[in-house]
Structures are given as C-alpha cells and as structure tokens.
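Contents: one structure, followed by commentary.
The values are calculated or read from the model by the stated rules, or taken from the named source; none is laboratory data. Owing to the predicted nature of the structure, the values given are computational and were not obtained by experimental measurement. Positions of Cβ are backbone-derived with ideal geometry, glycine not excepted, and every protein chain shown enters the neighbour counts.
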Amino acid sequence: MAEQVLAGVPAAPGLATGAVEHWPTPLVADASSVGADDRPQALSAALAALQGAADEMAGLAEALESDREILEAGVLMAADPSLQASVRRLVLDTGLPAAAALLAAAEEQALRLDALDDELLAARASDVRSIGRRAARIAAGGGRPTGGGPRVIVAADLGPADVAELGAGLRAIALAGGGPTGHAAIVARSLGVPMVVGLGDAVLEVPEGAELVVDGDTGTAVRDPGAARLETAQAASMTRARDRQLAASRSGLPAITLDGARVTVLANAASALEVRGAIAAGADGLGLVRTELSFLEGTAWPSALDHQLLLEPILAPLGDRPATVRLLDFGGDKTPPFLRQADGRGIDLLLRHPLALDSQLSALVAAARGSEVRILIPMVVEAAQVRAVRQSAVRIAAGRGVPVPLIGAMIEVPGAVSMIDQLVREVDFLSIGTNDLTALQLGLDRSRPGPAPAHHPAVLRLVAATCAAARIAGIGVSVCGEAASDPVAMPLLLGLGVDTLSVGSSRVGQVREWVRAVDLAAARSIAAQALQLESAAAVEELTAPLRSVLLAS
Ligand code: PEP
Ligand code: MG
C-alpha cells in the first residue's frame with residue numbers, strides 16, 4: 001500500500017514510529033444516541049471498559065518502582081459505585097454510547113469532587129477524569145492497549161498532564177488539533193517525545209494498532225510507511241534511547257567549560273516523570289517548575305492542599321538538590337476556565353487574588369522544610385511586585401517559625417529589563433525567560449509557528465543588561481527559556497554572563513555535554529561581537545564555528 005503523508009505542524013522534534021493508540025477526549029467521543037434496544041449492550045461494554053481500565057492500572061501499578069499508590073487509587077475509583085451508577089444512568093436513560101458515557105460520568109464525578117469541602121477528595125478530580133479517559137479509550141478502541149510495545153498516541157487534543165501521564169512505551173504523539181507552543185508541546189519536548197499537532201481529522205481515522213511514523217522536525221505523520229522510512233524512524237528511536245543511556249553514563253562528569261568555569265545545569269519540569277529523567281542525566285536540580293500547567297482545567301484557584309499534592313511527587317526524587325518553583329503563571333494561553341474574564345498575566349494577576357497567592361506560598365514554605373525550595377515570580381515588571389510576594393512569604397514563614405525561601409524574578413518582559421537596577425535590589429536571583437522575552441521584544445505571537453530567535457541582537461542586549469545588573473548586585477542569573485538548550489544561543493548566553501542553564505528534562509545530558517565543549521573566553525568575545533550585529537541571521541553566521549564544535553561533541 002502506498003504511503004500516505006499527513007501534514008501538520010512540528011511541536012516537539014525527533015522521528016519515531018509505533019503502533020497507533022487512540023486516546024479519546026470529549027472532543028472525539030461519539031455522543032450520538034443509542035436506540036433503546038441496544039442500550040443494555042452499550043452498558044455492558046461501558047462497564048467492561050471500566051473494569052479493563054482498572055485492570056490496566058493495576059498492571060501499571062505493579063510495574064512501577066514508586067508512586068504506585070497514585071495508580072492504585074485509580075483502581076479503587078473505577079470500582080466506585082457512584083461512578084458506575086452515573087455510567088448506568090447515562091447509557092440506559094440518556095442513550096449515550098459507552099465511550100461518551102464513561103467520559104461524561106467521570107466528568108460528573110470530577111465536578112462533584114471539585115465542589116466538595118473535603119480538599120483531599122477534591123484533589124482526586126483529575127484522577128477520576130483520567131480513569132474515565134482510559135476506560136473510554138478501551139470502549140472506543142474495542143480492546144486492550146498495545147501493552148508495553150512502542151506506541152504513537154493519536155488524539156484530537158491533549159493536556160500537559162495527559163502527556164506526562166502517558167509514560168512507558170510512548171514513542172510519539174500525533175494530534176488532530178493543538179498548538180506547537182501549547183504546554184502539552186512543552187512537556188513533550190521536555191520528555192524528548194516527538195510530537196506533531198494540527199494534523200486534522202485524517203489522523204483520527206488511522207486504525208488502532210496501525211504503524212504511524214511521526215516526524216516532529218517536518219511536522220508530518222506517515223500512514224502505511226514504506227520499509228526504508230520505517231527503518232530510518234526505528235533507527236532514530238534507538239539513537240534517542242542510546243543518547244539517554246549515554247547521558248546517564250556521563251551524568252557523574254562535571255559540567256565545566258574547557259577553560260574551567262563551572263555551569264549549573266538544572267531542569268524544567270512539571271511532573272515527577274520529567275524530574276526522574278533529569279536526575280538520571282545529571283541535573284543539579286530544577287530551575288523551573290511550571291505549577292500552572294497542572295491547573296489549566298481548574299474550576300477555582302488551587303488550594304494549599306492542591307499545591308502540596310502537586311509538589312510532593314516532584315520534590316521527592318530531588319534529595320537535597322534545589323527546586324525553583326514558579327508561582328502560578330496564569331493568563332494568555334494558560335487561562336483556566338474560571339479566569340476567562342480576568343485581566344492580567346502572571347504575578348500581576350496573582351496579586352489581584354491575595355488568598356490564592358497565600359495558598360501557594362503556604363505550600364511552598366511548608367515544602368521548604370524538607371527540601372531546598374526557591375520561589376520564582378513570573379512576568380515581573382516592577383519592584384513592588386517582588387516586595388508584595390516577599391511580604392506575604394515572610395508573614396507565612398514567621399507564622400510557622402521557618403526561614404523564608406530564596407525569592408527570584410523571571411525576566412521575560414522587556415519592561416523588566418528597563419527596571420532591572422530596581423529589581424535586583426529586591427531579589428535573591430534572576431531567571432531569564434527567553435520564550436516570552438523573545439516574543440515580546442521582537443513583536444512575535446508565541447502561539448503561532450515560525451522562528452523566534454533568542455539569539456537576535458535585540459534579545460541578546462536585554463540578556464547582557466540583565467547579567468550586568470546582576471553582577472553589580474552580586475546575584476546569580478539563569479536562563480530557563482528554550483534558548484538555554486539551543487546550540488546557537490546557549491554559548492552566547494554563557495558568554496554574556498549567565499551562570500545557570502535550566503533546560504527540558506530530555507536535554508540535560510546534551511547541554512552538559514555542550515558545556516564541556518565550550519571555551520568560555522571565546523564565547524565571551526563572540527557574544528560581545530554579536531551584540532553589535534544587526535540581525536539574527538548575522539548572529540547565526542558569526543556563531544557557525546562555535547555551533548559546529550557543540551554539535552560535534
Ligand atoms: C519563558 O517565557 O521563557 C518561560 C520559561 O516561561 P513559559 O515558557 O512557561 O512562559
Ligand atoms: Mg514565560
């Protein structure tokens with residue numbers, strides 16, 4: 001059969017192949033009505049799928065070394081009589097087909113849990129949604145998933161938590177919808193899983209179990225791949241696995257430049273899975289925990305307990321390594337349903353909701369007792385924003401008789417660089433968010449595909465000014481945007497005075513390798529020249545020899 005190439009948009013790089021596993025979402029579940037005679041059969045299918053989901057989770061729990069209880073709780077939820085009663089009512093009375101009834105019943109239960117006074121139960125809402133999706137997939141796909149073999153997940157859309165949850169055997173993700181800068185894409189990139197979005201409904205029609213090659217560099221997915229393409233994709237998957245092993249075997253080597261400067265390499269993470277991968281590759285800790293990603297479907301501001309439940313599994317594998325936890329950066333493309341009408345973004349929005357800020361700070365201050373936790377403030381522009389956060393943190397820490405964690409500001413709005421002399425007086429450290437900084441400085445829309453060169457001289461000048469102010473104030477500067485793992489930008493950032501790089505979990509080993517290949521004195525001289533150039537293209541030309549050295553390392 002001839003190959004069929006489906007065109008989409010690249011979201012996470014890499015080439016991979018695997019058997020298709022459909023992951024239904026409410027967008028794709030067939031909600032047409034089932035006739036009265038067929039309803040008992042649809043109900044049996046729904047209840048069998050629920051049991052199948054419970055069996056699957058029990059199997060997964062058994063295979064896990066840690067965090068078993070999360071999956072075991074899912075097994076219990078699948079057997080919950082009220083969930084089963086909802087499924088029964090939705091199929092028999094309303095006529096929903098099995099998959100749609102499972103999703104709707106899980107959503108009903110989740111909303112009920114969301115609304116409860118018992119915070120612990122309310123925090124389980126996302127687990128119920130997850131078991132609903134798993135059962136619906138079984139009902140829609142007509143069978144058990146492909147087990148531990150290489151899988152390509154196909155869905156209409158996925159949330160970042162879904163991506164983190166997909167786990168072992170996941171080779172690639174192909175979405176009918178979604179956006180390349182969406183946060184599901186950030187998590188996929190962090191995990192090193194190739195992903196293509198915007199493939200349209202055609203990808204949803206690829207049968208369960210069929211082989212699909214996903215090319216996250218060109219933004220394509222290929223049905224019925226020919227032997228040569230299949231072989232290339234399999235080889236690419238094996239190379240990625242080997243790179244991971246190599247990173248693990250070299251994780252004990254220090255990240256020191258050729259001329260002896262130590263660079264701290266941290267990881268960006270929103271899930272325990274990413275943290276474990278980062279540590280295996282030698283990460284010195286976490287430079288950015290994107291807390292808001294876990295609450296994008298939220299119906300209210302997260303409580304202190306919600307934050308605690310999010311943080312515990314992320315902090316647990318770290319030992320005494322530091323974790324830089326960002327305060328909720330809601331707004332823009334990270335706006336949960338309950339904030340649709342709200343103004344502001346990042347810290348500006350959070351400061352309008354002081355109780356929500358207190359809830360997160362309480363969880364962070366409590367977590368800082370057992371771990372080295374630092375607080376990072378998103379989208380800062382004014383010194384008063386930092387003072388307000390510090391004031392609340394001091395009050396909460398004093399109430400518990402514990403020290404105040406270190407507090408840092410993200411530099412990701414050009415206005416913050418204009419005010420940098422004032423900001424450095426208020427913070428313990430700075431972290432440059434090159435993703436937003438580049439888009440805002442160059443007037444680009446982050447949510448659209450296309451180049452966003454952080455190595456543009458207009459952006460490098462902001463980085464240089466930030467590093468200069470930090471040096472005078474005697475505080476450290478990290479970069480936690482994607483530029484920290486970009487072979488063009490990374491040596492320039494070090495040359496401009498950045499001392500810490502925080503990168504996606506799957507990039508930690510590679511970036512540590514690059515650090516060992518950089519001559520810092522040469523990087524400083526090239527960075528100084530880059531500041532005087534006129535365009536990103538000119539910087540690319542200037543840095544070509546440096547880049548070749550990195551890519552050969
Ligand atoms: C950034 O803007 O560079 C950043 C790290 O934050 P986010 O990508 O989460 O907006
Ligand atoms: Mg940002």
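Below are the figures for this structure:
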{"quantity": "Test set (1) more than 16 Å from ligand 2 (Cβ to nearest atom); (2) buried (at least 23 other Cβ atoms within 10 Å of the Cβ); (3) aromatic (Phe, Trp, Tyr) - residue 301 fails condition number", "calculated": "(2)"}
{"quantity": "Among residues of segment 441-484, those that are more than 20 Å from residue 376 (Cα to Cα) and within 15 Å of ligand 2 (Cβ to nearest atom), counted", "calculated": "9"}
{"quantity": "Subset tally (residues that are touching a Ser or Thr at 6+ places or on another chain (Cβ under 6 Å) and closer than 26 Å to residue 333 by Cβ) for segment 359-399", "calculated": "4"}
{"quantity": "Among residues of segment 218-235, those that are of a type in the set (D, E, K, R) and loosely packed, with under 14 Cβ neighbours inside 10 Å, counted", "calculated": "1"}
{"quantity": "In segment 429-455, the residues that are away from ligand 1 (no atom under 11 Å from the Cβ), at pLDDT 95 or above and crowded, with 18+ Cβ neighbours inside 10 Å", "calculated": "429, 430, 441, 455"}
{"quantity": "Number of the exception - residue 344 against (1) touching a Lys or Arg at 6+ places or on another chain (Cβ under 9 Å); (2) within 16 Å of ligand 1 (Cβ to nearest atom); (3) of a type outside the set (Asp, Glu); (4) modelled with pLDDT of 95 or more", "calculated": "(4)"}
{"quantity": "Only one of 392, 418 that is more than 15 Å from ligand 2 (Cβ to nearest atom) and crowded, with 16+ Cβ neighbours inside 10 Å", "calculated": "392"}
{"quantity": "Residue match in segment 236-252 (condition: in contact (Cβ under 8 Å) with a residue 24 or more places away in the chain, over 18 Å from residue 10 (Cβ atoms) and in contact with a strand residue (DSSP E or B) (Cβ under 7 Å, 6 or more places away or on another chain))", "calculated": "no"}
{"quantity": "Boolean, residue 486 is in contact with a Ser or Thr (Cβ under 8 Å, 6 or more places away or on another chain), acidic (Asp, Glu) and surrounded by fewer than 24 Cβ atoms within 10 Å (Cβ to Cβ)", "calculated": "no"}
{"quantity": "Answer from 292, 312 - the residue that is closer than 15 Å to residue 368 by Cβ and either buried (at least 21 other Cβ atoms within 10 Å of the Cβ) or away from ligand 2 (no atom under 16 Å from the Cβ) (or both)", "calculated": "312"}
{"quantity": "Residue, farthest from the chain's Cα centre (by Cα), within segment 460-487, restricted to residues that are away from ligand 1 (no atom under 16 Å from the Cβ), among the small types (Gly, Ala, Ser) and under 24 Å from residue 517 (Cα atoms)", "calculated": "464"}
{"quantity": "Odd one out for residue 490, checked against (1) closer than 24 Å to residue 472 by Cα; (2) more than 30 Å from the chain's Cα centre (by Cα)", "calculated": "(2)"}
{"quantity": "Check on residue 157, among the charged types (D, E, K, R), at pLDDT 80 or above and within 21 Å of the chain's Cα centre (by Cα)", "calculated": "no"}
{"quantity": "Residue count for segment 524-545, restricted to those that are assigned to a helix (DSSP H, G or I) and acidic (Asp, Glu)", "calculated": "2"}
{"quantity": "Leading residue by the ranking (nearest to residue 188 (Cα to Cα)) among those in segment 199-240 that are in a helix (DSSP H, G or I) and among the acidic types (Asp, Glu)", "calculated": "201"}
{"quantity": "Subset of segment 403-415 that is touching a residue at least 40 places away in the same chain (Cβ under 8 Å) and not in a strand (DSSP E or B) - its residue that is farthest from ligand 1 (Cβ to nearest atom)", "calculated": "405"}
{"quantity": "Residues within segment 242-273 that are under 25 Å from the mean Cα position of the chain (by Cα), assigned to a loop (DSSP other than H, G, I, E, B) and buried (at least 20 other Cβ atoms within 10 Å of the Cβ), tallied", "calculated": "4"}
